[in-house]
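Chemist: Handing you this structure, nothing more for now.
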Amino acid sequence: MKPMRRLSFLLLLLACAPPKDLAVGGECYGDNIGRCEPSGTRLMECVDEKWTVYSDCFGPNGCSMNNDTANCDTSGNSIGSRCAPTSEGRVRCDPDGGLNILRCVNGTLVFIDACQAPMRCGLTDGGLTCIY
């Protein structure tokens, strides 16, 4: 193989190879690239050449790759779960049956209100609240 072809082939292999150290703090190249952690429960993002947790993916579908797109099922995320920077300030119902209302604060889901039975967390014109 000619030297230039060999280099092109090597670069292609490196670009297509899976990340070698896909763990928090592991080396990566190409900021904003998302990958699923091997456990399938976290979506990782490359920031400043280090892998960081973008979001927990505790829903039944976990974190999965579809070609070059990472999909993260957050439907099972609860109090203490890591939430995406794009979710900062947003509220959601806890997957515990809708007894709690949660908010993403500083990248973590935190408790903000409890619904007393028989009320449950639900969506109204005014946003998420406790409803019958």
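Chemist: When only residues in segment 80-94 that are surrounded by 18 or more Cβ atoms within 10 Å (Cβ to Cβ) and over 12 Å from the mean Cα position of the chain (by Cα) count, which is nearest to N32 (Cα to Cα)?
Modeler: Only one residue fits best here, namely R92.
Chemist: Here's a follow-up. Looking at (1) surrounded by 15 or more Cβ atoms within 10 Å (Cβ to Cβ); (2) modelled with pLDDT under 95; (3) among the polar types (S, T, N, Q), can you tell me which one T74 breaks?
Modeler: Against the list (1) surrounded by 15 or more Cβ atoms within 10 Å (Cβ to Cβ); (2) modelled with pLDDT under 95; (3) among the polar types (S, T, N, Q), T74 comes up short only on (2).
Chemist: Looking at segment 75-132 only, could you name the residues that are in a loop (DSSP other than H, G, I, E, B) and more than 21 Å from C57 (Cα to Cα)?
Modeler: Those that are in a loop (DSSP other than H, G, I, E, B) and more than 21 Å from C57 (Cα to Cα): C115, Q116, A117, P118, M119, D125, G126, Y132.
Chemist: Just give me the residues in segment 46-57 being within 9 Å of the chain's Cα centre (by Cα) and surrounded by fewer than 24 Cβ atoms within 10 Å (Cβ to Cβ), in sequence order.
Modeler: Scanning segment 46-57 gives a single hit, V53.
Chemist: Could you figure out which of (1) exposed (fewer than 15 other Cβ atoms within 10 Å of the Cβ); (2) farther than 22 Å from A23 by Cβ; (3) in contact with a strand residue (DSSP E or B) (Cβ under 8 Å, 6 or more places away or on another chain) isn't true of M65?
Modeler: Of the numbered conditions (1) exposed (fewer than 15 other Cβ atoms within 10 Å of the Cβ); (2) farther than 22 Å from A23 by Cβ; (3) in contact with a strand residue (DSSP E or B) (Cβ under 8 Å, 6 or more places away or on another chain), the odd one out for M65 is (2).
The values are calculated or read from the model by the stated rules, or taken from the named source; none is laboratory data. Predicted, not measured: the structure shown is a model, and the values here were computed from it. Here Cβ is always computed from backbone atoms with ideal geometry, including for glycine, and neighbour counts include all displayed protein chains.
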